[in-house]
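The values are calculated or read from the model by the stated rules, or taken from the named source; none is laboratory data. What you see is a predicted model; the values in this text were computed from it and never measured. Here the Cβ positions follow ideal geometry from the backbone for every residue, glycine too, while neighbour counts run over all protein chains shown. Surface areas here come from the heavy atoms of the whole protein model, side chains and all, with no ligands, DNA or RNA. Shrake-Rupley method; radii C 1.70, N 1.55, O 1.52, S 1.80 Å.
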Amino acid sequence: MTVKILMVCLGNICRSPLAEGILQSKLPSDKFIVDSAGTGGWHAGECPDKRSITTAKGRGIDISKQKARKFKTSDFTEFDHIYVMDSSNLQDVTALAPSPQARAKVKMMMDEIYPGQKVDVPDPYYGGPEGFEHVYDMLDEACTVVAEKLLKQHP
């Protein structure tokens, strides 16, 4: 059985593409599929932000071929785990959940490191490259924990 994980942020061009690429790099592709989406569809069909691509490339991960898309209700059926980047994404995604079981699939990304503290992954869009580096480091730490959990649950 293939386990599917979805990373969600606002526009699907900064944080969630980084999270997708980082988690993919930590999991075997024959057992896990990682994707990403945004709660908004403004950037649908676009590649990730150049600063996200550059930051990931600097760490040995290529996210340049990803394409942004909007989160859809069917994602609750298609994915086993849904990780959101901030409390606004959490509110937007859980509002679309068709059932309590679907809602239970949704978690804040940083809750993996700081359980219950509702720590947001900051949106680096309006800042400089250092913001993307900071977000990468946060996501790398959280994705390591997620990957370890998933590999234990699905050996």
Residue 30 versus residue 149, label points 7 Å from Cα toward the beta carbon: distance in nm? 2.6
Prolate/oblate/rounded label for segment 1-65 (Cα gyration tensor, a/c 1.5): oblate
Please give the residues of segment 116-143, grouped as numeric ranges, whose backbone N is less than 15 Å from a label point set 7 Å along the Cα-to-Cβ vector of residue 87. 116-123
Accessible area (Å², per residue) of segment 1-98, counting only protein heavy atoms and a probe of 1.4 Å: 44
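Full extension from residue 54 to residue 73: what is 0.36 nm times the residue separation minus their Cα-Cα distance, to one decimal in nm? Kindly include the intermediate steps, with their values, before the conclusion.
Working: separation 19, 0.36 × 19 = 6.84 nm, distance 3.12 nm.
Taking residue 54 through residue 73 to full extension adds about 3.7 nm, to one decimal.
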Under DSSP H, which helices of the chain have Cα atoms covering 24 Å or more of the helix axis and a Kyte-Doolittle average no less than -0.5? 129-153
Charged-residue dipole, Cβ positions (Lys, Arg, Asp, Glu), the chain about Cα centre, Debye nearest 20: 400
Taking the dipole about the Cα centre of the chain, with the C-beta of Lys and Arg at +1 and of Asp and Glu at -1, give me whichever of 102, 23, 74 is farthest to the positive side. 74
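Specify whether the C-alpha gyration tensor of the chain places it in the rounded, prolate or oblate class, a ≥ b ≥ c being the square roots of the eigenvalues: rounded for a/c under 1.5, otherwise prolate if a/b is larger than b/c and oblate if not.
Details: a/c = 1.37, a/b = 1.18, b/c = 1.15.
Verdict is rounded for the chain.
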